[in-house]
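The structure follows.
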Amino acid sequence: MSTPTLHKAYDSRLFSEQGNDLILQIRNHLEQNITGQKETITKWVDPQDEYTFWKTYTQENHTTQSFFETVLKRSIHIHHPHYIGHQIAPTVPVSALANLLSAQLNNGMAVYEMGQASSAIERVVIEFFTETIGWHEGDGFLTSGGTLANLTALLAARKIKANSDIWNDGYDGKLAIMVSEEAHYCVDRSARIMGLGEAGIIKVPVGEDYKIRVDLLQHYYDQAVQDGFEVIAVIGSAPSTSTGIYDDLDGVSAFAKANNIWFHVDGAHGGAAIFSKKYKHLLQGINKADSVIIDGHKMMGTSAITTAVLFKNSVDSYATFSQKAQYLWEQNDDPEWYNLAKRTFECTKSMMSLRFYAILNAYGAQFFDDFVTTLYDSAYVFSEYIKESPDFELALEAQSNIVCFRYTGGIPKEKIQEINKTIRKTLLEEGTFYIVSTTLKGELWLRTTFMNPFTTEEHTQKLTDKIRTIAKSIHHKMQDA
Ligand SMILES: Cc1ncc(COP(=O)(O)O)c(C=O)c1O
């Protein structure tokens, strides 16, 4: 029996009132953030205090409108040009709207009949990727994030390259994959989930340029084989997360081919450069990969989380999971491209294809070119500025939209790391800029990722001025102590 609460929860008029108000709130948020009118982008609160705030919130009778308002206030504002931190896109509003539609329709997607439009749209989106890479027989699907996407592709690699049918029979041998020491930690995590253990993740050193040492690949492979490992795959980072430097995909591909192993490209961050006429050269060799992943929520402006898992050969996109689920689909011999759960980790998944398609439909492929190109251009300009500034040190010249650097002006060498760590902490607590830090060859560096196409030289000038001011104040305090 329905109840007054149930009636109220599904009231369409109430939905429209609350929805209109929310859209207005988001509109104001966008206006105040996108060009940097707002002074702060985050307000630092200790995790325990934030928890306490929300723990008691529902007992205080707040309206839904005020709840949304409070969430907006207490969240980090990715759309601000001073957000130059972790790799997540300021969502293109039309993609956010598509996400709202998906959230309310809640089509489950596991089988075609539970998401007809979004399943067909997913195929169109996948073709948009594979055709841009230059694959004629390519295929794939969308999944929930780069981490899951890498795991899914590596499971396909194992299915196709390993000498035994591990999915069905299990395995007690020694499998291995090869990857740069700079690769994202999720590759390591995927290998461990697959039961490869620490020894089965062969970390190949990077050179001075932070690219995987292609010249060492054969040596590491031979050593592993001699130690009894069956090496199934090599992974190229496009680019790696800390530095934003692309591996030499052509070089890695030649090695994979010579040894008949799978070549996977982790393009979670910079795979989207395939859409940039100016920067697609960074991905030379990507078309020779067996599988590639590309995140929408990083460099394509979609809301999180949505990742394309792409295969050069269509048939490989069906390789990962071979379990039968008769109750979901009737004909197990037909690949049934439209029953997507045959290929995805998820059974129920969101209608994530809408997030890409809404952008394509509204602005065409040009949007993706403009987005990547603008962000990379901004980072190159900033990288050049840091290189030319005597009181800053550049870790390495930018290749993507990631720039690692640190402040050094008049600071004794032994204090540089400590002062830069405090700079980052002070910025976070003040909330006027958001940048992060990373460790390169054991040393701490500040790290910026240009995610907002409206971040200009004027904004980065303010950032470097701010860093100078903070550094001087910390240095003085240290000297006084
Ligand atoms: C190169 C690379 N691969 C994978 C991931 C993980 O992607 P996701 O956060 O979508 O799971 C990241 C995230 O930063 C990344 O930079």
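The values are calculated or read from the model by the stated rules, or taken from the named source; none is laboratory data. The structure displayed is predicted, hence computed values, not measured ones. No Cβ is skipped: glycine too gets one built from the backbone with ideal geometry, and neighbour counts run over all protein chains shown. Surface accessibility is based on the protein's heavy atoms, side chains included, excluding ligands, DNA and RNA. Shrake-Rupley method; radii C 1.70, N 1.55, O 1.52, S 1.80 Å.
Looking at (1) more than 19 Å from the chain's Cα centre (by Cα); (2) crowded, with 23+ Cβ neighbours inside 10 Å; (3) not in a helix (DSSP H, G or I), find the lone condition where Val179 falls short.
So Val179 meets the others, but not (1).
Could you say which residue among Phe392, Phe367, Phe345 is open to solvent by less than 30 Å² (accessible area, probe 1.4 Å) and aromatic (Phe, Trp, Tyr)?
Details: Phe367 fails: open to solvent by less than 30 Å² (accessible area, probe 1.4 Å); Phe345 fails: open to solvent by less than 30 Å² (accessible area, probe 1.4 Å).
Residue meeting the stated conditions: Phe392.
Please state which of the following conditions Phe263 fails to meet, knowing it meets all the rest: (1) within 14 Å of the ligand (Cβ to nearest atom); (2) in a strand (DSSP E or B).
Unmet condition: (1).
Could you say whether any residue in the stretch 150-171 is among the basic types (Lys, Arg), more than 16 Å from the ligand (Cβ to nearest atom), assigned to a loop (DSSP other than H, G, I, E, B) and not assigned by TED's automatic domain parsing to the domain that holds Gln87? Step through it out loud before you land on a result.
Our first condition is that a residue be among the basic types (Lys, Arg); within the stretch 150-171, this holds for 158-159, 161.
If we keep only those that are more than 16 Å from the ligand (Cβ to nearest atom) as well, we get 158-159, 161.
With the extra rule that they be assigned to a loop (DSSP other than H, G, I, E, B), the set shrinks to none.
No, every residue in the stretch 150-171 fails to be among the basic types (Lys, Arg), more than 16 Å from the ligand (Cβ to nearest atom), assigned to a loop (DSSP other than H, G, I, E, B) and not assigned by TED's automatic domain parsing to the domain that holds Gln87.
Could you count how many residues in the stretch 83-98 are of a type in the set (Gly, Ala, Ser) and part of a loop (DSSP other than H, G, I, E, B)?
Narrowing the stretch 83-98 to residues of a type in the set (Gly, Ala, Ser): 85, 89, 95-96, 98.
Then drop every residue that is not part of a loop (DSSP other than H, G, I, E, B), which leaves 85, 89.
Number of matching residues: 2.
Same structure, new question: List every residue pair whose Cβ atoms sit under 7 Å apart, with the two residues 6 or more apart in sequence or on different chains, where the first one lies in the stretch 137-149 and is touching a residue at least 40 places away in the same chain (Cβ under 8 Å) and the second, anywhere, is in a strand (DSSP E or B) and within 7 Å of the ligand (Cβ to nearest atom).
Leu142/Thr307; Thr143/Thr307; Gly145/Thr307; Gly146/Asp295; Gly146/Thr307; Ala149/Thr307
Moving on to the next point. Evaluate the following for Asp247: is it under 15 Å from the mean Cα position of the chain (by Cα), within 16 Å of the ligand (Cβ to nearest atom), surrounded by 20 or more Cβ atoms within 10 Å (Cβ to Cβ) and under 20 Å from Leu154 (Cα atoms)?
Details: under 15 Å from the mean Cα position of the chain (by Cα): no; within 16 Å of the ligand (Cβ to nearest atom): yes; surrounded by 20 or more Cβ atoms within 10 Å (Cβ to Cβ): yes; under 20 Å from Leu154 (Cα atoms): yes.
So Asp247 fails the test.
When you look at Val125, is it part of a helix (DSSP H, G or I) and modelled with pLDDT of 95 or more, yes or no?
Working: part of a helix (DSSP H, G or I): yes; modelled with pLDDT of 95 or more: yes.
Taking the combined requirement at face value, the residue satisfies it.
Do you know which residues across the stretch 32-82 are touching a Pro at 6+ places or on another chain (Cβ under 7 Å) and either in a helix (DSSP H, G or I) or of a type in the set (A, V, I, L, M) (or both)?
Hit for the stretch 32-82 is Ile78, nothing else.
Next question, about the same structure. Could you say whether any residue in the stretch 99-119 is away from the ligand (no atom under 16 Å from the Cβ), of a type in the set (Val, Ile, Thr), more than 17 Å from the chain's Cα centre (by Cα) and not in a helix (DSSP H, G or I)? If you could, list the steps in order and put the result at the bottom.
First, the residues of the stretch 99-119 that are away from the ligand (no atom under 16 Å from the Cβ): 100-119.
In the following step, the residues that additionally are of a type in the set (Val, Ile, Thr) were identified as 111.
Subsequent filtering for residues that are more than 17 Å from the chain's Cα centre (by Cα) retains 111.
Filter again for not in a helix (DSSP H, G or I), leaving 111.
For the stretch 99-119, residues away from the ligand (no atom under 16 Å from the Cβ), of a type in the set (Val, Ile, Thr), more than 17 Å from the chain's Cα centre (by Cα) and not in a helix (DSSP H, G or I): present.
Residues Ala268, Ala273, Ala224: which one is within 16 Å of the ligand (Cβ to nearest atom) and out of contact with any Asp or Glu (no Cβ under 8 Å at 6 or more places or on another chain)?
On the way: Ala268 fails: out of contact with any Asp or Glu (no Cβ under 8 Å at 6 or more places or on another chain); Ala224 fails: within 16 Å of the ligand (Cβ to nearest atom).
Of Ala268, Ala273, Ala224, the one residue that is within 16 Å of the ligand (Cβ to nearest atom) and out of contact with any Asp or Glu (no Cβ under 8 Å at 6 or more places or on another chain) is Ala273.
Okay, next question. Name the single residue that is most open to solvent (accessible area, probe 1.4 Å) among those in the stretch 327-342 being at pLDDT 75 or above and touching an Asp or Glu at 6+ places or on another chain (Cβ under 7 Å).
Lys342
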